[in-house]
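The values are calculated or read from the model by the stated rules, or taken from the named source; none is laboratory data. Values in this document were obtained by computation on a predicted structure and should not be read as measured data. All Cβ positions, glycine included, derive from the backbone under ideal geometry; neighbour counts span all protein chains shown. Just so you know, the surface numbers come from the protein's heavy atoms only, side chains and all, with ligands and any DNA or RNA stripped out. Shrake-Rupley method; radii C 1.70, N 1.55, O 1.52, S 1.80 Å.
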Amino acid sequence: FPQLNEFWFPSWSSDDVYRYDITGRYVGTFANIGQSAIIYVVGEMDSMYYYLAAWSANRCEKRGPFPTSTQLVWSFSPSSGGRTAGVSTDADNAYCIQDNSQLIHVLDKTSGGAKRTIPITGLQIGTVHGFFAVVKDRFFYGTVSSTSIYRADLDTGSADGFSCSLATGLRNMVFTGQHICGGDNNYMQCFKVS
């Protein structure tokens, strides 16, 4: 959550989110975030609103503002099959991705209205547990069955040849705006993006 310099990790089995400061120290739990079975949650860079990918409900949502409200601003349910597995934002758009899908759904950040889809090409598509982040004109993508993180062009969806590997599987991810951190449920490794 960039506005607070916090990492947020959703609890899969409830509607709670565990909050950690930038050093990794536990600072509390945000209870009743507004949805359960959340695979990923991310805060806006310039406000106190947050976005979540609700796996079981198959929705990407915008809610907030934190901490005063969990009110639903908008909800988007992709119709291309699979479960929502990741959400990211930039200055103008929100991006919703599904598990085992080759499409990125581009949404208006204010209304949640669908603008277009981006076909993903040149990447191994698979089970995603939140490992999806938009950074400027690129996106980073990783699947549970791999330790590799791939980068692709946001406009075309085409892999650009960059990849890197982490020491563990990709079951969690946080993005600080400068660093992408990923790992399993016990260990996180970070790298700087530009």
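A compact table of results
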read-out	value
Strands (runs of 3 or more DSSP E) completely within segment 130-193 that count 2 or more residues being within 21 Å of Asn100 (Cα to Cα) and out of contact with any His (no Cβ under 6 Å at 6 or more places or on another chain)	132-135, 138-141, 148-153, 159-165, 172-175, 179-183
Residue in segment 114-123 that is surrounded by 20 or more Cβ atoms within 10 Å (Cβ to Cβ) and on the phi < 0 side of the Ramachandran plot present	yes
Sole residue being free of Cβ contacts under 8 Å to residues at least 12 places away in the same chain, under 25 Å from Gly113 (Cα atoms) and part of a loop (DSSP other than H, G, I, E, B), chosen from Ser69, Ser47	Ser69
Selection from segment 161-182 of residues that are open to solvent by less than 40 Å² (accessible area, probe 1.4 Å) and not polar (S, T, N, Q)	Cys164, Leu166, Gly169, Leu170, Met173, Val174, Phe175, Gly177, Ile180, Cys181, Gly182
Complete set of residues in segment 72-119 that are among the small types (Gly, Ala, Ser), part of a strand (DSSP E or B) and over 14 Å from Phe139 (Cβ atoms)	Ser75, Ala114
Matching entry among Val128, Val87, Val42, Val106 (being of a type outside the set (Phe, Trp, Tyr) and farther than 22 Å from Leu170 by Cβ)	Val106
Criterion: of a type in the set (A, V, I, L, M), closer than 21 Å to Val144 by Cβ and modelled with pLDDT under 90 - qualifying residue of Ala85, Ala53, Ala31	Ala85
Whichever residue in segment 93-113 is modelled with pLDDT of 95 or more and small (Gly, Ala, Ser) and, among such residues, is most open to solvent (accessible area, probe 1.4 Å)	Ser111
Cross-chain or 6+ apart pairs with Cβ under 8 Å, segment 12-27 first and under 19 Å from Tyr51 (Cα atoms) and at pLDDT 85 or above, then of a type in the set (S, T, N, Q) and outside any loop (DSSP other than H, G, I, E, B)	Asp16/Thr29; Val17/Thr29; Tyr18/Thr29; Arg19/Thr29
Where Ser158 falls short, out of the listed (1) surrounded by fewer than 20 Cβ atoms within 10 Å (Cβ to Cβ); (2) modelled with pLDDT of 80 or more; (3) in contact with an Asp or Glu (Cβ under 7 Å, 6 or more places away or on another chain)	(3)
Identity of the residue in segment 40-65, surrounded by fewer than 23 Cβ atoms within 10 Å (Cβ to Cβ) and in contact with a Leu (Cβ under 8 Å, 6 or more places away or on another chain), that ends up farthest from His129 (Cα to Cα)	Arg63
Residue that is under 22 Å from Pro10 (Cα atoms), at pLDDT 90 or above and open to solvent by less than 10 Å² (accessible area, probe 1.4 Å), where the choices are Val134, Val128	Val134
Qualifying residue in segment 7-24 (condition: in a strand (DSSP E or B) and open to solvent by 60 Å² or more (accessible area, probe 1.4 Å))	yes
Conditions (1) at pLDDT 80 or above; (2) in contact with a helix residue (DSSP H, G or I) (Cβ under 8 Å, 6 or more places away or on another chain); number of the one not met by Gly177	(1)
